[in-house]
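Visitor: After the structure tokens below, expect a handful of questions from me.
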Amino acid sequence: MTTTTNGNGNLVDEFEEAFQSCLNVLTKEEALPSMEKDEIRVEVDHSVLRFLDLARQMEAFFLQKRFLLSALKPELVVKEDISELRVELVRKDELIKRHYEKIAMWQNLLADLQSWAKSPAQGPTPPSGIPNGGQAPPNAAPPPNNMVNPLQQQLQQQHQQMQHQQQMHQQMQQQMQQQVPPGMGGGGPMVTPQQAMFMQQGPRGPPFPGQGPGVGVGLLQGPLAYLEKTTSNIGMPDGRR
């Protein structure tokens, strides 16, 4: 490294010239077509090295001056440090202030979200006759039915209808079992409830046209006779039925 025998102004001028020469190698258009790539590379390397050398010389010069200043007038260095610390404190205070503003904004946003989430869970507002914090009076009317969910109402109605149908079916079965004669509940053939009801109605005349009254009476005297007559009429022509 060359020593800085020149003045400060000359060193700064040389540094500026070295920087301009680094740019001129890449920006000039007249010399580039006639120069080869190796020549351009050598010139660029030489300019960059000269620029770096002058940069180191400038750094050493300013460090030297600062060392002399700190030895001769140390209060100037302390003042400089104090001013830098004040600037840093102002910057930190502004940063903390911005953080507090963001925290306040997020707190307001969270409070709005919590109030919005609690409002549906509180349910419908009480009627005008009920005070805010008190209970309803004994003679107060019940809440309207439209407050209940319509889907729950439909499910309850369907469940009630099914229960009613089951009860009606059980009652009909019990009535049919009670109407069956005692003689039919033994070891005889199984008789459906419809046949039992028909047989208990008694003789009502001939069941088929062309037959006398005695035939109908004989048919209804027992389940076996009724089944026998029914099976015997299956293959008969239409005129005899």
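The values are calculated or read from the model by the stated rules, or taken from the named source; none is laboratory data. Just so it is clear, the structure is predicted and the values come from calculations on it, not from any experiment. Ideal geometry is used to build each Cβ from the backbone, glycine not excepted, and the neighbour counts take in all protein chains shown.
Visitor: Would you be able to say whether some residue in region 98-119 is modelled with pLDDT of 90 or more and acidic (D, E)?
Guide: yes
Visitor: Further question on the same structure: Which residues, counting only those in region 13-61, are modelled with pLDDT of 90 or more and either in contact with an Asp or Glu (Cβ under 7 Å, 6 or more places away or on another chain) or of a type in the set (F, W, Y) (or both)?
Guide: Answer for region 13-61, where residues must be modelled with pLDDT of 90 or more and either in contact with an Asp or Glu (Cβ under 7 Å, 6 or more places away or on another chain) or of a type in the set (F, W, Y) (or both): F51, L54, F61.
Visitor: Now, a different point. If a residue must be touching a residue at least 40 places away in the same chain (Cβ under 8 Å) and among the basic types (K, R), how many such residues does region 55-75 contain?
Guide: Going through region 55-75, the residues touching a residue at least 40 places away in the same chain (Cβ under 8 Å) turn out to be 55-58, 60-61.
Of the ones still in play, those that are also among the basic types (K, R) are 56.
Within region 55-75, residues that are touching a residue at least 40 places away in the same chain (Cβ under 8 Å) and among the basic types (K, R) number 1.
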